[in-house]
Amino acid sequence: MASDRIFGLVALITAVAYLAAATQIQTNLFSGEYLPKLFPILIGGVAAICALFMMFRPDPEPDWPAAGSWINMGVAVVVLAIYAVMLKPLGFILPTAIAAGILSYQISPRPGPAAIAGVGLSLGLFALFKFALGLGNIVAYRIPTPAQLGDAFLQLIPFVGGH
Amino acid sequence: MDILSNLALGFGVALSPYTMFLAVCGCFLGTIIGALPGLGPSNGVAILIPITFTLGLDATSALVLMTAVYYGAMYGGRISSILLNIPGDEPALMTTLDGYPMAKAGRAGDALVLSGVASFVGAFLATIGLMLLAPSLARVAFLFGPAEYFALYMLAFCTLGGMASNNQAKSAMAACIGLGIAMIGVDSSSGLPRLTGGNLHLYDGVDFLVAIVGLFAIAEVFFFIESHGKESSIGVKLDKVTIPWRDIWSTRWTMLRTSVVGFVAGILPGAGASLGSFMAYMTEKSIAGPKGGFGTGVPKGIAAPEAGNNAAAGGALVPMLTLGVPGSGTTAVLLALLVTLNITPGPTLFTERPEVIWGLIASLLIANFVLLLMNVPMVKIFVKVLMVPAWILLPGVTMVSFVGIFSLSGSFFDLLMMIGFGVLGYILRKLDIPTVPVILGILLGGNMEDALRRAMTLSDGDVTYLLSSPIAIGLWVAAILGFVAPMFLRGVLKKPQAITD
């Protein structure tokens, strides 16, 4: 019940913001005045109606996980995000071993097997990608300067990094 | 005798040793992907696309490899249904209803072989159907103008939404999310950015592969973290695998009937394989009546959904290849592959690139025989694969996804976006909002808008132009029916629940 209402509300706000952004779409002589806006406005409109439906006719509550699982999933998101930005400055093997190990531990909390899974997957996948499939931009390891590492972390903060 | 000469051309392409090798690899990989719970055909094909792309395969080879994976996954889905009572992919859900009871009764081997043969019959007949039907549908497709295409896209979203969810508002919302994302990026006609929020990374738009891998593969990891991978141990024993000739012979009509049902369901844009296996099972159940013993582990109950779902998999290729409108989540992913390979599906594909189409059809025929061989005598190998524990499998899948997307663009922004889609996918699935319309929206949004714009330009802004031809009107009526009818048929179409121990 509540979940659908909350999602509906978030979706409604997003849809209205989307509609507002759609009316502000820049146009020029080639595109005509209303054509670039037409379809986005239609989508925003339909989405807003659906959001209202979800708010007023919600389905039964899904069974959300317990608090512990939420923390676990949050950790997983953070780990994956850090992995995403570290893949370039640190190369493939080290970040992959750590990230795969942590994920493995989160699925089945036993440190030993998780560590083996992390290292094994990292080396095994590296061999597969580099030697069997010959993917070009996979590099085993890189030794980054502190500045590069700092840059990589900055990219995680929206609107600061990313140039 | 057009078909024969075309087929000869196709086999000329498909029978080269290299293509054959790719087809066999694809079948093997596909069966594994299908068998592993948590790695269905859509995400399996999705994470393989970037890798195929970086390998630099040409269009025909890549297409042969991926459709072999697709067919293989459809075969493989039954293995975990029967042995674990967990469907390896959504269409295999119906196979659990009779497959698992039969396996529990000590006939796991029989169930696997019977369902393998049923898969073969369904897929083989569907490939023949594809061969006969696709060229003529491609000719009809020449009659399609922008108004008809717009109506066709509506039909795809409506039928998909109608079938995929229990709540129409939610499936329409899912389609809107996808279409809304597709609008982001530089507008093709004005050359000005739209809805990017000033972020330079978004000027190219959102790559659908990023969205697909995020929504399907990364979201799956969160589900496994939530459940701690508890649900994957084999509960039944598999001793010797023999061929149950008697069961195969006794289900021959069932297989033929359900192949036709499944194929027709697969052709409907948006409906797909899940509908195929569901309708196949329900048809046979009502033919057999209460004495048929459906749900207790009868051979017909295994043959019907498997023949149906594999036939639907072949049927779903028809609208995808001829009209560019996919019939299921996985064909949507295959469409993404075609677009990545710079092949435009549609009627012109049949006249301009016949070697691609007929090479594909010929390799599908070959792949079917390879899959029959793999899935009947060698089924034990794939059963071993099921023993790979989730705590190795899921991190592995995640890392492959990251490398795939990373090797495609080399951009950390895409990777972060992929994680974002993973979180979105988890929340959507928890709220029972289907994710396939999101994918379809991202994939087809650009084309759909294009059709609308061209229609509006041609008619000088007259909205009635969208309903100006009988084909368009027919498609709109079908779309509205497809969207509204499931609301009233919910009682009849209720999906049977999987059996619990």
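The values are calculated or read from the model by the stated rules, or taken from the named source; none is laboratory data. A quick note: this is a predicted structure, and the numbers were derived from the prediction, not measured. So basically every Cβ, Gly included, is an ideal-geometry build from the backbone, and we count neighbours across all protein chains shown. Remember, those area values only see protein heavy atoms, side chains included, never the ligands or the DNA or RNA. Shrake-Rupley method; radii C 1.70, N 1.55, O 1.52, S 1.80 Å.
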In region A:99-133, what residues are within 11 Å of another protein chain (Cβ to nearest Cβ) and of a type in the set (Val, Ile, Thr)?
A:102, A:107, A:116
From (1) open to solvent by 40 Å² or more (accessible area, probe 1.4 Å); (2) free of Cβ contacts under 8 Å to residues at least 12 places away in the same chain; (3) within 20 Å of the chain's Cα centre (by Cα); (4) at the interface with chain B (Cβ under 8 Å from one of its Cβ atoms), pick out the condition that doesn't hold for residue A:87.
(1)
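Yes or no, residue by residue, for (1) surrounded by fewer than 24 Cβ atoms within 10 Å (Cβ to Cβ); (2) modelled with pLDDT under 85:
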| residue | (1), (2) |
| --- | --- |
| B:140 | yes, yes |
| B:144 | yes, no |
| B:183 | no, no |
| B:188 | yes, yes |
Does residue B:343 satisfy being outside any helix (DSSP H, G or I), touching a residue at least 60 places away in the same chain (Cβ under 8 Å) and open to solvent by less than 40 Å² (accessible area, probe 1.4 Å)?
yes
Report yes if residue A:48 is outside any loop (DSSP other than H, G, I, E, B), more than 7 Å from chain B (Cβ to nearest Cβ) and open to solvent by 30 Å² or more (accessible area, probe 1.4 Å), otherwise no.
no
Which ones in region B:406-422 are facing another protein chain (nearest Cβ under 9 Å), assigned to a helix (DSSP H, G or I), open to solvent by less than 30 Å² (accessible area, probe 1.4 Å) and not hydroxyl-bearing (Ser, Thr, Tyr)?
B:406, B:414, B:415, B:418, B:419, B:422
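So which residues in region B:428-441 are open to solvent by 20 Å² or more (accessible area, probe 1.4 Å) and under 17 Å from residue B:43 (Cβ atoms)? First the steps, then the outcome.
First, pick out the residues of region B:428-441 that are open to solvent by 20 Å² or more (accessible area, probe 1.4 Å): B:429-430, B:432, B:436.
Listed by number, the residues that qualify are B:429, B:436.
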If you scan region B:101-131, which residues turn out to be farther than 24 Å from residue B:29 by Cα, open to solvent by 10 Å² or more (accessible area, probe 1.4 Å) and in contact with a helix residue (DSSP H, G or I) (Cβ under 7 Å, 6 or more places away or on another chain)?
B:129, B:131
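To keep it simple, each residue is scored yes or no on (1) surrounded by fewer than 20 Cβ atoms within 10 Å (Cβ to Cβ); (2) touching a Leu at 6+ places or on another chain (Cβ under 9 Å).
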position	(1), (2)
B:325	no, yes
B:330	no, no
B:338	no, yes
B:348	yes, no
B:352	yes, no
B:359	no, yes
B:367	no, no
If we keep only residues of region B:378-394 that are in a helix (DSSP H, G or I) and without any contact (Cβ under 8 Å) to a residue 24 or more places away in the chain, then the residue farthest from the other protein chains (Cβ to nearest Cβ) is B:381
Within the set of pairs 6+ apart or on separate chains, which have a first residue in region A:51-63 that is open to solvent by 100 Å² or more (accessible area, probe 1.4 Å), a second that is in a loop (DSSP other than H, G, I, E, B) and among the hydrophobic types (A, V, I, L, M, F, W, C), and C-beta atoms under 7 Å apart?
A:60/A:1
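Being touching a helix residue (DSSP H, G or I) at 6+ places or on another chain (Cβ under 6 Å) and surrounded by 15 or more Cβ atoms within 10 Å (Cβ to Cβ): is that true of residue A:36 here?
On the way: touching a helix residue (DSSP H, G or I) at 6+ places or on another chain (Cβ under 6 Å): no; surrounded by 15 or more Cβ atoms within 10 Å (Cβ to Cβ): yes.
When the stated conditions are applied, residue A:36 does not pass them.
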Matching option when the condition is farther than 30 Å from residue A:135 by Cα, part of a helix (DSSP H, G or I) and of a type in the set (A, V, I, L, M, F, W, C), among A:15, A:117, A:97
A:15
With the requirement that a residue be at the interface with chain B (Cβ under 7 Å from one of its Cβ atoms) and in a loop (DSSP other than H, G, I, E, B), what does region A:21-45 give you?
A:25, A:26, A:27, A:28, A:30, A:31
